[in-house]
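This report concerns only the one structure given below.
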Amino acid sequence: MTIVPASSIARQFWCEMQVDLRRKYGDVRTPEMKRGSEIHESLLLEISEVIPVRVETPADKLHVIVHNIIVGTEQYKRKGITRELPVLFKFDHVFILGFIDEIAKTGRGGIYLTQVVETKTRMTKRHPSPSQVYCDKMQGMIYWYGLSSMISRGISIEEVCSAFEIDPNRISISEEYAMSLGIPSAFLEGTFIMDIKTALKEIAKLPKLSNKIKLKYIYQGTGEEIYREEYEFNHKLFDQKMKWALDYWLGRRDAVPVRKNRWKCKFCSYKNICPAVR
Ligand code: SF4
C-alpha cells in the first residue's frame, strides 16, 4: 500500500476523475497553480529558512519529513506559528501524508489551542464558489484529523517505517542527500530511529486542537485576503466522505466524473482526454 497524498484526497471532492487522470497522465500545472505555489513558498519564507536538499531514497524522503516535524514543532513552541507542517497518519489502515499550510496558537487568558489554517489563492478577486469552498473545507478537515491523530499518538515508529517501506534495521540514506545537508550519511542513519521518535513525541506535545478550522482565500494579484470562513470539524461527515474517497484508492471502485456540476469540465485541464466528456 502506498501513501496517499492528503491533497489528492481533497481534490476528489472537486472531481475524482480529474485525480485519476492526473495519476495516469501526469500533472498539468496551470498558471494559477504555479502562482499559488510561489505564494505558498513566500509565506513559508516569511517565517522559515528553506534548505534545498537532494532526495534519492525513501529514507531520504522520510528524513526530510521527520526533520520538518521537529523544526516545525520547535518553531511553533517559540513563535506560536509554523507553516507547511507534515502530518503522517492512518485512516482505515490507509497511510496519508499531508502538509498543513499553517498552525497557529489561538485563545486568550492563558488558555491556548492550536488552530489549523488552510490558505488558498485565487487568480480573480471573486469569492470562491460553494463547490470550491466545500472541497477546501474537506482539505482543512483532513489536516485537522491528521494532526489530531498525531497528537494522540495514532501512529507508531514501526508504522512510519512501514509506510515508507523502510526496514528499521537497514536504513539507507543516500550520499547525495547527506552531502546536501553537510552531515555524513552514517550519522544520519545512526540517529534515524531516534529522530522519528523525537518527531512523534514533539508533535504529540502540541496544545490541544481547536475544533474550529480557518479557511482563507488570497487574491494572487495583490496578496489581499478576499474571503475567510471558520468552521467546525465534523466527525460524522468526515468519516462518511473519507470512506467514500478511500474506496477509490483501495481499488474498490472506479473513479467517478462530476455529475451535477458539469460546468467544472469547461475549466478542466484534462477535458480533451476525459472519457466522461468525449
Ligand atoms: S472533464 Fe469534467 S469530468 Fe472530466 S476530469 Fe475534468 S472536471 Fe472531471
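No value in this document is a laboratory result; all are computed from the given coordinates. What you see is a predicted model; the values in this text were computed from it and never measured. Heads up, the Cβs are rebuilt from the backbone with ideal geometry, glycines too, and the neighbour counts pull from every protein chain shown.
Based on Cβ point charges of +1 for Lys and Arg and -1 for Asp and Glu, what charge dipole magnitude is obtained for the stretch 140-217 about its Cα centre, in debye rounded to the nearest 20? If you can, show how the numbers build up before the last one.
On the way: 9 positive and 9 negative charges, 171 e Å.
In total the dipole reaches around 820 debye.
Which value does Rg/Rh take for the stretch 90-232 over its C-alpha atoms, Rh per Kirkwood?
Numbers: Rg = 18.9 Å, Rh = 17.8 Å.
Ratio of gyration radius to Kirkwood radius for the stretch 90-232: 1.06.
Under 15 Å Cα to Cα from Lys241, which aspartates and glutamates show up? Leave out anything in the same chain fewer than 8 places away.
Glu16, Asp92, Asp136
Sum up the charges of everything whose Cβ sits under 11 Å from the Cβ of Pro58, counting Lys and Arg as +1 and Asp and Glu as -1, but leave Pro58 out. Let's see the in-between values first.
Working: positive: Lys61; negative: Glu56, Asp60, Glu165, Asp167.
Net charge around Pro58: -3.
Among Pro128, Val116, Gln139, whose Cα lies farthest out toward the positive end of the dipole of the stretch 100-139, if unit charges sit on the beta carbon of Lys, Arg (+1) and Asp, Glu (-1)?
Pro128
As an exercise, identify the trypsin sites (Lys or Arg not before Pro) in the stretch 104-157 lying in DSSP coil whose Cβ has no more than 16 other Cβ atoms within 10 Å.
Values: sites: Lys105, Arg108, Lys120, Arg122, Lys125, Arg126, Lys137, Arg153; in loops: Lys125, Arg126, Arg153.
The qualifying sites are Lys125, Arg126, Arg153.
Suppose a student asked you for the relative contact order of the stretch 4-267, using Cα pairs under 8 Å spaced at least 6 residues apart; what percent would you report?
Working: 365 pairs, mean separation 69.4, N = 264.
Computed over the stretch 4-267, the figure is 26 percent.
Which of the residue pairs Lys236/Lys266; Lys61/Lys264; Lys34/Lys208; Lys61/Lys212; Lys105/Lys201 have a Cα-Cα distance greater than 29 Å in the structure shown?
Flagged as over cut-off: Lys236/Lys266; Lys61/Lys264; Lys34/Lys208; Lys61/Lys212.
In whole Hz, what ³J(HN,Hα) sequence does the stretch 12-19 give by Karplus (6.51, -1.76, 1.60; θ = phi - 60°), x for Gly and Pro?
Here the 3J(HN,Hα) series is 4, 7, 8, 7, 6, 4, 4, 4 Hz.
For the chain, with only Lys/Arg (+1) and Asp/Glu (-1) charged at the beta-carbon, what is the dipole magnitude about the Cα centre, in debye rounded to 20?
Details: 43 positive and 34 negative charges, 306 e Å.
In debye, rounded to 20, the chain gives about 1480.
How large is Rg/Rh for the stretch 4-267, to two decimals, with Cα atoms and a Kirkwood Rh?
Details: Rg = 18.9 Å, Rh = 19.7 Å.
Result for the stretch 4-267 is an Rg/Rh of 0.96.
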